[in-house]
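Peer 1: What follows is a single structure, and I will ask about it in a moment.
The values are calculated or read from the model by the stated rules, or taken from the named source; none is laboratory data. Quick caveat, the model's predicted, so the values are computed rather than measured. No Cβ is skipped: glycine too gets one built from the backbone with ideal geometry, and neighbour counts run over all protein chains shown. Accessible surface areas use protein heavy atoms only, side chains included; no ligands, DNA or RNA. Shrake-Rupley method; radii C 1.70, N 1.55, O 1.52, S 1.80 Å.
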Amino acid sequence: MLKQQKKQWLTTRSLTGVGNKQILDIYVPLGLVERQKLERPNPNNPAEKGSEFYQEKVTPIENEVFFEQVIQQGKTIKSQGGRIAIIGEPGVGKTTLLQKVAFEILNSGGLPIWIDLADWQNSKTLEEYLLENWLKAALPIIKKISPTAVSSIRKIPEELQENFVEQFEDSKIWLLLDGVDEMAGTFRNPLTILAQEIKKGWVNEGKIILSCRLNIWDVEKNAIVNDFDVYRNLDFSYPEQVKKFILEKWFAEPSNLGQKLWEELEKSSDRIKDLIKNPLRLTLLCRTWEIRQGKLPDNKAGIYQRLVKAHYFWKDEKQDFLLSPKEQK
């Protein structure tokens, strides 16, 4: 099902037109920090130190340690690996990490079920969605029948439903819930809704890993935070991880494009070096560099302007998409 849902592909694939790069091809382990509850400030502290209460106190954790101790061994303070939240800014690689986690679970003998939360609507409970949507979508694989034959099946066989529920009750299932923030357009309090759903019935027996943008998490975290061990994605480090991504991952094929991009970056401003620590922006920069090199921008707007130009340049190869400069503007 992971392959059918194309969860081995880059999440930027549709945006950048990259058809042959998979997660494992370009994955560079990002640093993670474990979020911990802040202690109450000392009332005897001077006023100028009052802001220290609001600073995030973190414990760094290596990617490999996260997979081994948190995912495989369940060594976490609150949930023993059963409830994990991956949070972070937009474009920092939350979904990419979750995809990597999915295959780590699979390779360790677990059963990962991926749900894009943007596709789940609260007209159905999470239990109903799993049985009526996910399980039905999996029927062609389970029963080895064609997808067209599934449309004639009105009800999932009882035996299959019972077996599915048993996997939850035996704690073999990992629910990977991607994009809590994607629910915000439909639900006013997405984390509150989700917290209620994952505590119902047999869903509560499964292990759960969710991803969420930082702003949504910080506004609503009280609805769910006591049950979850929370990890925040860090950006790439510069120069080590940025250089590795460019020269060893994105431009791994024999070419001088990667070396030229790296040389240009080294000559660029500190501002652009800081901006492209964000994995999404670095991916877009690499993709646009492939299409048309040129001078590097010096701000965030410039990065996205490069993408716009490269996007039309790439799309115009298909005549049905061809737009005049006026229409593009």
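Peer 1: Which one, 183, 195, 210, projects farthest toward the positive side of the charge dipole computed for the stretch 154-229 from Cβ point charges (K/R +1, D/E -1)?
Peer 2: With unit charges placed on the Cβ atoms, the residue in question is 183.
Peer 1: On to the next question. Hey, rough spin-label estimate for residue 160 and residue 137, points 7 angstrom out along Cα→Cβ, what's it come to in nanometres?
Peer 2: Taking the simple label geometry, residue 160 and residue 137 are separated by 1.5 nm.
Peer 1: With r defined as the distance between the Cβ atoms of residue 187 and residue 4 and R0 fixed at 25 Å, what FRET efficiency is calculated, to the nearest 0.05? Spell out each step's value before the answer.
Peer 2: Working: r = 27 Å, r/R0 = 1.08.
So, using R0 = 25 Å, E works out to roughly 0.40.
Peer 1: Does the stretch 82-124 come out rounded, prolate or oblate, given a ≥ b ≥ c as the square roots of the eigenvalues of its C-alpha gyration tensor, rounded meaning a/c under 1.5 and, failing that, prolate meaning a/b above b/c?
Peer 2: Oblate, since a/c reaches 1.5 and b/c is not below a/b.
Peer 1: Right, another one. Past 31 Å, Cα to Cα: identify those pairs from 243/300; 221/309; 3/244; 3/155, in the order given. Walk me through the intermediate numbers first.
Peer 2: Details: 243/300 19 Å; 221/309 39 Å; 3/244 27 Å; 3/155 25 Å.
In this structure, 221/309 lie more than 31 Å apart at Cα.
Peer 1: Right, another one. At 0.36 nm per residue, minus the direct Cα-Cα distance, what do residue 149 and residue 237 gain on full extension? Give it in nm, one decimal, please. Mind dumping the intermediate values first?
Peer 2: On the way: separation 88, 0.36 × 88 = 31.68 nm, distance 4.95 nm.
Full extension of this stretch gives 26.7 nm more.
Peer 1: In nm, to one decimal, how far is the residue 196 label point from the residue 222 one, both placed 7 Å along Cα→Cβ?
Peer 2: Output for this residue pair reads 1.8 nm.
Peer 1: Turning to a different aspect of this structure: Can you give the charge dipole size of the stretch 179-329 about its Cα centre, rounded to the nearest 20 debye, using +1 on the beta carbon of Lys and Arg and -1 on the beta carbon of Asp and Glu?
Peer 2: Values: 26 positive and 23 negative charges, 85 e Å.
Value, rounded to 20: 420 debye.
Peer 1: Let me know the shape class of the stretch 173-280, please: from the alpha-carbon gyration tensor, a ≥ b ≥ c as square roots of the eigenvalues, rounded when a/c is under 1.5, otherwise prolate if a/b is greater than b/c, or oblate. The partial results should precede the final answer.
Peer 2: Values: a/c = 3.49, a/b = 2.42, b/c = 1.44.
Because a/c hits 1.5 or more and a/b exceeds b/c, the stretch 173-280 counts as prolate.
Peer 1: For the pair residue 268/residue 68, report the inter-label distance in nm, with labels modelled 7 Å from Cα in the Cβ direction.
Peer 2: Inter-label distance under the simple model: 3.5 nm.
Peer 1: Across every pair of different alpha-carbon atoms, what Kirkwood hydrodynamic radius in Å does the stretch 66-197 reach? Mind showing how you got there, number by number?
Peer 2: Values: mean 1/r = 0.0607 Å⁻¹.
Kirkwood radius, the stretch 66-197: 16.5 Å.
Peer 1: In the stretch 117-191, which chymotrypsin sites (Phe, Trp or Tyr not before Pro) fall in coil by DSSP and have 16 or fewer other Cβ atoms within 10 Å?
Peer 2: Those that pass, being in a loop and sparsely packed, are 187.
Peer 1: Using 0.36 nm per residue, how much length does the chain from residue 123 to residue 304 gain when fully extended, once their Cα-Cα distance is taken away? Could you put the intermediate results ahead of the total?
Peer 2: On the way: separation 181, 0.36 × 181 = 65.16 nm, distance 3.68 nm.
Difference between extended and current length: 61.5 nm.
Peer 1: How would you classify the stretch 246-329 from its alpha-carbon gyration tensor, with a ≥ b ≥ c the square roots of the eigenvalues: rounded for a/c under 1.5, else prolate if a/b is greater than b/c, otherwise oblate? Numbers along the way, then the final one.
Peer 2: Working: a/c = 2.43, a/b = 1.50, b/c = 1.63.
Here the stretch 246-329 falls in the oblate category.
Peer 1: Give me the percent of accessible area attributable to carbon and sulfur for the stretch 146-300, probe 1.4 angstrom. Working shown, then result.
Peer 2: Values: 3460 of 7890 Å².
After summing per-atom areas, the C and S share lands at 44 percent.
Peer 1: Evaluate the charge dipole of the stretch 65-206 about its Cα centre and quote only its size in Debye, nearest 20, assuming +1 on the Cβ of each Lys and Arg and -1 on the Cβ of each Asp and Glu. Intermediate values should be presented prior to the final figure.
Peer 2: On the way: 15 positive and 19 negative charges, 15 e Å.
Once rounded to the nearest 20, the dipole reads 80 debye.
Peer 1: Quick one: if the Förster radius is 22 Å, what FRET efficiency do residue 77 and residue 170 give, using the C-beta to C-beta distance and rounding to 0.05?
Peer 2: Plugging the Cβ-Cβ distance into 1/(1 + (r/R0)^6) gives 0.35.
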